[in-house]
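Okay, so here's the structure we're looking at.
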Amino acid sequence: MSLSKLAKKTKAVAAGVGDAVRQAFRGKIALVSAGEPVQRVQLSALADETLQDVEHLQQFGFTSHPPEGTEAVIIPLGGATSHGVIVATEHGNYRVKGLAGGEVAVYDQSGSSITLKQGRLIKIDCDKLEIAAPGGVKIDAPNVQCTAQLTAQGQINGNGGMAVQGGSGAKFTGAIEHTGDFANKGKISNNGVDIGAGHKHSETNGAETGGVVG
């Protein structure tokens with residue numbers, strides 16, 4: 001056999017092998033079974049091809065349930081479509097856009113997101129944030145700010161003092177126990193009666209005492 005004929009035959013055999021071995025391809029997710037140890041997906045691929053129970057491999061420590069219409073990249077192991085696995089997913093409608101270089105974001109379909117921004121800033125964007133930490137929460141920061149009301153269902157402890165200003169002042173319901181000196185600037189009243197520096201007492205003979213002696 002001449003070299004030219006051998007080359008043509010080799011080329012034909014290689015083409016046949018290439019046709020039989022499927023390369024990586026794209027598809028769109030239709031359904032997700034998220035209750036399995038390895039998530040499985042139904043998706044549509046080329047020429048209205050429907051694939052069932054395709055394994056969706058994800059990075060350890062991170063999992064997501066991609067919504068319908070999510071783009072996916074499938075790698076057929078050994079070139080067989082029946083042994084395909086999903087290695088990447090993306091949905092442009094929900095992805096956090098406009099990130100600066102080096103920034104990272106975690107997001108969901110509803111628009112909630114956690115963004116690691118430049119300058120060591122972490123931004124959490126959601127309607128409600130719940131933290132379950134039975135062992136406690138420790139915040140090492142010089143200042144913690146809240147733009148509106150702060151409610152504690154248990155006791156509030158302040159080891160470094162407490163300062164309250166603005167608004168309508170401070171209101172207490174219940175008994176108050178105090179240890180130490182008490183300094184006040186302004187009026188002090190009890191049930192509407194002045195008991196501060198300007199209050200006076202009536203004597204037994206009907207006379208009225210003078211003001212409080214400083």
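We did not get these values from a lab; they are worked out from the coordinates using the rules stated. Bear in mind the structure is a predicted one, so any value in this text is a computation, not a measurement. Positions of Cβ are generated from backbone atoms using ideal geometry, with glycine treated the same way; all protein chains shown enter the neighbour counts.
Label separation (Ile114 vs Ser189): 5.1 nm, computed from points 7 Å beyond Cα along the C-beta direction. Counting only aspartates and glutamates at least 8 places from Lys138 when in the same chain, those with an alpha carbon closer than 16 Å to its own are Glu130.
Just so you know, the Rg over Rh for region 60-214 is 1.29, from Cα atoms, with Rh as the Kirkwood radius.
In summary, the aspartates and glutamates within cross-link reach of Lys28, defined as a Cα separation below 18 angstrom excluding same-chain residues under 8 places away, comprise Asp48, Glu49, Asp53, Glu55, Glu68, Glu71, Glu90, Asp108.
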